[in-house]
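A quick write-up on the structure given underneath.
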């Protein structure tokens, strides 16, 4: 029995090691494919996952320094283009990505450092590990923080411009975006609250007026829906809630009557099955 248990454990461990090796090899192949396609950031992610699955996958260890160099160069090239276009959101997100890559690389380097201390490694493989351990981390903290300030300021200024032109919903979006980069930022929170209230009031008024137009054309179902939308922006806006309920009831009554009359006609034609279904639809409205 004891031998059976030991054998079972050994088999399970073998299966697990094989699965890890399979995942690691698959991720390496994906990294190589991404490199061929010029997608170096994807290649970097695949290579990191390859080593996370099997830390001593030496083909990946050999390849990762080159992938890292090209991935960082590609990202910096993108940053230069974003800066030229003053697309500070994209600049900030690109620096976020570099910081994330730094963290992944450092984590992998720590695992490798621990591995090389605990295992006997051939000289050739040790040299490959040493090269990966020597790969420098690109410090972008200063540029990252600066890009966040530029992005926050750009959205803040856009928010103020939209607020002046009474584009309150757009203004609110920009103030909230500014706050997503730096919180607190100037008076962005107060302006965000103000513009949201103004935008909600404008939308409540807009849908209320649209609803009244639908009432005039006897489109009661649409009128009810629009009064409901008005109420959803400003709770208690005028009599929107009461009118939404009123015109829903009127629409339900009209639709129930249509189905009832249809059922009566079908029954006279002795289409009893279809007539029964129509009576059921008439009853489905809670009047």
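Structure above, values below:
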item	result
Cα-based helix-to-principal-axis angle, 40-53 vs the chain, degrees rounded to 10	70
Listed peptides 178-184, 82-88, 154-160 by packing density, highest first (mean Cβ within 10 Å)	154-160, 178-184, 82-88
Burial ranking of peptide ranges 228-240, 60-72 (average Cβ count within 10 Å, highest at the top)	60-72, 228-240
Percent RCO, i.e. relative contact order, over the stretch 141-186, from Cα pairs under 8 Å lying at least 6 residues apart	43
Helix axis angle, 188-216 relative to the chain longest principal axis, alpha carbon, degrees	40
Computed label-point distance, nm, for sites residue 58 and residue 180 using a 7 Å Cα→Cβ extension	4.7
The stretch 160-287: relative contact order in percent, alpha carbon pairs under 8 Å with at least 6 residues between	15
Dimensions in Å of the stretch 92-213 - Rg and Dmax from alpha carbons	24.8, 83
Ellipticity estimate at 222 nm from DSSP helix runs (n ≥ 4, -39,500 (n - 2.57)) divided over the chain, nearest 500	-29000 deg cm²/dmol
Estimated inter-spin distance, residue 106 and residue 189, nm [label 7 Å along Cα→Cβ]	2.9
All-pairs alpha carbon distance profile, the stretch 203-283, 5 Å steps from 0, percent	3, 18, 20, 14, 11, 10, 10, 7, 5, 2, 0
Theoretical gain in end-to-end length, residue 264 to residue 283 [0.36 nm per residue, Cα-Cα removed]	5.5 nm
Relative contact order, percent, the chain [alpha-carbon distance under 8 Å, six or more residues apart]	9
The stretch 141-186 - Rg over Rh from alpha carbon coordinates, Kirkwood radius	1.05
Cut-off 20 Å, label 7 Å out along Cα→Cβ of residue 197, residues of the stretch 137-170 by amide N	159-170
On Cα atoms only, tilt of 123-133 relative to the major axis of the chain in degrees	40
Alpha carbon centroid spacing (whole Å) that separates the stretch 179-239 from the stretch 143-171	23
Largest-first ellipsoid semi-axes for the stretch 14-139, taking √(5λ) over the Cα gyration tensor eigenvalues, angstrom	29, 16, 12
Förster-model FRET efficiency, 45 Å R0, residue 126 and residue 78, C-beta, rounded to 0.05	0.80
Given (i) 142; (ii) 315; (iii) 130, the label whose value is volume of the Cα convex hull per residue in Å³ derived from this model	(ii)
Largest to smallest principal axis extent of the C-alpha atoms in the stretch 120-278, angstrom	95, 54, 20
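Bear in mind that the values in this text are calculations on the coordinates, not laboratory data. If you're wondering where the values come from, they're calculated on a predicted model, not measured in any experiment. All Cβ positions, even for glycine, are placed from backbone atoms using ideal geometry, and neighbour counts span all protein chains on display.
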